[in-house]
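**Q** My structure is below; once you've seen it, I'll send some questions.
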Amino acid sequence: GIVGVFGYGGGVIGRYCDQPQEFPGVAHFHTVRVSQPGGKYYTTKYLKDICDLWERRGSGLTNMHGSTGDIIFIGTTTPQLEEIFWELTHNLNQDLGGSGSNLRTPADCIGSSRCEYACYDTQALCYAVTMDYQDELHRPAFPYKFKFKFDGCPNCCVASIARSDMSFIGTWKDDIRIDQKAVQAYIGGELKPNAGAHSGRDWGKFDIAKEVLDLCPTKCM
């Protein structure tokens, strides 16, 4: 709440040096959070544009999706904050992420866009929740931070259990489905394990019980 952009209570973390006379270069060193797109899909042009913006308006230091989820712009001065916000929203069609005691920017795995294990559309749900909770994202009203994360399956690629307050995890609810023709082709060597990535090594005879059935955690197969 020390510093921010007009109309928002979150998105900017005020950082000041307690000895500005001795270290004038970091008298102000504010951090700006930038909301990430669904599945963290970026174009090369977008990454170049935000890096150019931060070189021009800030220190050039970034944290690309550390433990928080957002892109983190590290180090700028108070007069630059409104300029950064204007360029993000007008030129890059981008918004600030959540910070402080509010809803943090919801995060999701790539889901059904690229992953065969996804049991639901993580990006659609993450987008819907993000749109519904704009006020909670930008204007802190909670006693502590709160995080949504969306995993398409129990592999938990965005670590929703470990790193969020409310986890959405896709699970299979129907009878197990087995393509018996594909299984036979795999056993017979017609379909190569790992698409042939390890074809140069001899792993011995394929044992479906040991390598597939016994590894099923629920023993449903």
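The values are calculated or read from the model by the stated rules, or taken from the named source; none is laboratory data. Quantities reported herein were computed from a predicted structural model and do not represent experimental measurements. Quick reminder, even Gly has a Cβ in these numbers, built from the backbone with ideal geometry, and neighbours come from all protein chains shown. To get the accessible areas, we keep the full protein, side chains included, count just its heavy atoms, and leave off ligands, DNA and RNA. Shrake-Rupley method; radii C 1.70, N 1.55, O 1.52, S 1.80 Å.
**Q** With the chain treated as a Gaussian network of Cα nodes joined by springs under 10 Å, which of G188, G60, G152 yields the largest mean-square fluctuation?
**A** G188
**Q** Something else: Choose one answer from T122, T130, T78: the residue with the largest mean-square fluctuation in a GNM of the chain with alpha-carbon springs under 10 Å.
**A** T78
**Q** Would you mind checking the tilt of helix 44-57 against the longest principal axis of the Cα atoms of the chain, expressed as 0 to 90 degrees and rounded to 10?
**A** The angle comes out near 20 degrees.
**Q** While we're here: In deg cm²/dmol, rounded to 500, what helix-only [θ] at 222 nm does the chain give when every DSSP H run of at least 4 residues adds -39500 (n - 2.57) and the total is split over its residues?
**A** Helices in the chain give a 222 nm mean residue ellipticity of -7000 deg cm²/dmol.
**Q** If you fit an axis through the alpha-carbon atoms of helix 122-132 and take the longest principal axis of the Cα set of the chain, what angle between them do you get, 0 to 90°, nearest 10?
**A** 30
**Q** Okay, moving on. Restricting attention to the stretch 20-83, which GluC sites (Glu not before Pro) occupy a DSSP loop and are surrounded by at most 16 other Cβ atoms within 10 Å?
**A** Hits after loop and neighbour filter: E22.
**Q** Under 22 Å from the Cα of K210, which lysines turn up, not counting those fewer than eight places away in the same chain?
**A** K181, K192, K219
**Q** Using alpha-carbon positions, what is the distance between the centroids of the stretch 1-77 and the stretch 136-189, in Å?
**A** Answer, in whole Å: 30.
**Q** Nothing charged except the Cβ atoms of Lys and Arg (+1) and of Asp and Glu (-1): what's the magnitude of the dipole of the chain about its Cα centre? Round to the nearest 20 debye.
**A** 380
**Q** So if I average 1/r over every pair of distinct C-alpha atoms in the stretch 1-99 and take the inverse, what Kirkwood radius in Å does that give?
**A** For the stretch 1-99, inverting the mean 1/r across all distinct Cα pairs yields 13.8 Å.
**Q** log10 I(q)/I(0), Debye, Cα-only the stretch 95-221, no solvent, q = 0.10, 0.12, 0.22, 0.23 Å⁻¹?
**A** -0.50, -0.64, -1.26, -1.31
**Q** Among 91-98, 213-220, how do they line up from the highest to the lowest mean number of other beta-carbon atoms within 10 Å?
**A** Output ranking for 91-98, 213-220: 91-98, 213-220.
**Q** To continue, here is another question. If we count every other residue with Cβ under 15 angstrom of L81's Cβ, Lys/Arg +1 and Asp/Glu -1, where does the sum land? Could the numbers behind the result be given before it?
**A** Details: positive: R15, R33, R56, R57; negative: E82, E83, E87, D95.
Residues near L81 contribute 0 overall.
**Q** Still on this model: Calculate the dipole size of the stretch 1-99 relative to its Cα centre from +1 charges on Lys and Arg beta carbons and -1 charges on Asp and Glu beta carbons; express the result in debye to the nearest 20.
**A** 260
**Q** Next up: If you rank V5, V26 by how much accessible surface each has, with a 1.4 Å probe, what is the order from largest down?
**A** V26, V5
**Q** Still on this structure, please answer the following. Return the equivalent ellipsoid semi-axes of the stretch 117-188 as a descending list in whole Å, where each equals the square root of 5 times an eigenvalue of the C-alpha gyration tensor.
**A** 37, 12, 9
**Q** How many percent of the accessible area of the chain is carbon or sulfur, using a 1.4 Å probe?
**A** Details: 7580 of 13830 Å².
Carbon and sulfur: 55 percent of the exposed surface of the chain.
**Q** Can I ask one more? Between beta-carbons, use under 15 Å as the cut-off and find the net charge around T218, counting Lys and Arg +1, Asp and Glu -1.
**A** Charge balance in the 15 Å sphere: 0.
**Q** At 1.306 mPa s and 10 °C, plugging the Kirkwood radius over alpha-carbon pairs of the chain into Stokes-Einstein gives what diffusion coefficient in µm²/s?
**A** D, rounded to a whole number, is 77 µm²/s.
**Q** What does the highest-first list of 30-40, 166-176, 110-120 look like by mean Cβ count within 10 Å?
**A** 30-40, 110-120, 166-176
**Q** With point charges of +1 on the Cβ of Lys and Arg and -1 on the Cβ of Asp and Glu, referenced to the Cα centre of the chain, which listed residue (V32, Y186, S112) lies farthest in the positive direction of the dipole?
**A** The residue sitting most towards the positive pole is Y186.
**Q** Using +1 at the C-beta of Lys and Arg and -1 at the C-beta of Asp and Glu, which of A209, C156, Y46 has the Cα lying farthest in the positive direction of the dipole of the chain?
**A** Of the candidates, A209 comes out farthest on the positive side.
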